[in-house]
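Scroll down for the structure; my scribbles are underneath it.
The values are calculated or read from the model by the stated rules, or taken from the named source; none is laboratory data. Note that this is a predicted model, so its numbers are computed, not measured. Neighbour counts are summed over all protein chains in view; Cβ atoms, including those assigned to glycine, are modelled from backbone coordinates with ideal geometry. Areas reflect the complete protein model, heavy atoms only, side chains present, ligands, DNA and RNA absent. Shrake-Rupley method; radii C 1.70, N 1.55, O 1.52, S 1.80 Å.
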Amino acid sequence: MYRKLAAECIGTFWLVVGGCGSAIFAGHQIGWHGVALAFGLTVLVMAFAIGHISGCHLNPAVSIGLWMGGRFSTSHVIPYIIAQTLGAIIAGGVLYFIATGIEGGYSIAESGFALNGYGNVGSPDHYSMSAAFASEFVMTMIFLYVIMGATDEKAPKGFAPIAIGLCLTLIHLISIPITNTSVNPARSTGVALYAGMGSLAVKQLWFFWVVPILGGAVGGILYRVFNADSRY
């Protein structure tokens, strides 16, 4: 069990460093397309690296979605979520340390620090809370459906990381303008805490826990219902 938790912690650490780090340090050069690809590639490589150890969830919404879909043990859900969140917070600290080392100083308020949000201030393109809800819910739901389908025993062997990584890339291409793309409560937490406890990112953080988890749960249930004869 400890080996699995260590893998989840390290994997989520790298997801935040790879995805959020690309947005923070190179976003102005690579744009949203590059950031989307960075998130997808990070999940793809980690799935090959630790998928055989922990399943490479890297995301509380994925763990809960797989549990709702009958693919994950109840006793593992909370420990996985703790490990994922810890990895993301450590990664956020590393990114903050690097970012503040720039000459002239660093401002999270001005740079954004890859924070998730909704509304006139939080959303990159000023989408409402209801639009953000629809985006985060649907994107996470589809993500879980793809994960469960790609890892089904009837699916082609060895290709699941590619399908999952490309799916996450597509999700980011769609939803970065809306919420800066979360679909992952740990990822949101990992950077939000460094914006300060009174910041908008922290005040809206509940949203990026509740909505992705709801979407992931529904995605897991839908796959389980429509593919009742499938096994892991």
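List the residue ranges in the chain for DSSP H helices whose C-alpha atoms run 24 angstrom or more along the long axis and whose Kyte-Doolittle average is 1.6 or above.
129-150, 160-179, 207-226
Estimated at 0.36 nm per residue, the fully extended path between residue 2 and residue 202 surpasses their Cα-Cα distance by 69.0 nm.
A straight chain from residue 25 to residue 128 at 0.36 nm per residue would run longer than the Cα-Cα distance by 34.4 nm. In this simple spin-label approximation, residue 224 and residue 78 carry label points 7 Å from Cα along the Cα→Cβ vector, and these lie 1.9 nm apart. Rolling a 1.4 Å probe over the protein heavy atoms of the stretch 118-191, with every protein chain left in place, gives an accessible area that is 73 percent carbon and sulfur. Taking 7 Å steps out from each Cα toward its Cβ at residue 107 and residue 174 produces label points 3.5 nm apart.
Grab the other residues whose beta carbon is less than 13 angstrom from that of residue 55, score K and R as +1, D and E as -1, and report the net.
Value of the local net charge: +2.
Just the number please: accessible area per residue for the stretch 84-150, 1.4 Å probe, all protein chains included, in Å².
Heavy-atom accessible area per residue stands at 49 Å².
Taking every DSSP helix (H) stretch of at least 4 residues in the chain, weighting each as -39,500 (n - 2.57) and dividing the sum by the residue count yields a mean residue ellipticity at 222 nm of -23500 deg cm²/dmol. Sequence gap at least 6, Cα distance under 8 Å: using those rules, report the relative contact order of the stretch 95-232 to the nearest whole percent. Relative contact order comes out at 35 percent. Share of carbon and sulfur in the accessible area of the stretch 56-100 stands at 77%, probe radius 1.4 Å.
Among the listed values [x] 45; [y] 52; [z] 42, the one computed from these coordinates for percent of Cα pairs over 23 Å apart is [z].
Which chymotrypsin sites (Phe, Trp or Tyr not before Pro) does the stretch 178-222 hold that lie in a coil by DSSP with at most 14 other beta carbons within 10 Å?
Taking the stretch 178-222 and a limit of 14 other Cβ atoms within 10 Å, the loop chymotrypsin sites (Phe, Trp or Tyr not before Pro) found are 206.
Each Cα pair under 8 Å and six or more residues apart adds its sequence gap; the mean of these over the residue count of the chain is a relative contact order of 31 percent. For the listed peptides 124-137, 54-67, 11-24, a ranking on the average number of other beta carbons within 10 Å per residue, highest first, reads 54-67, 11-24, 124-137.
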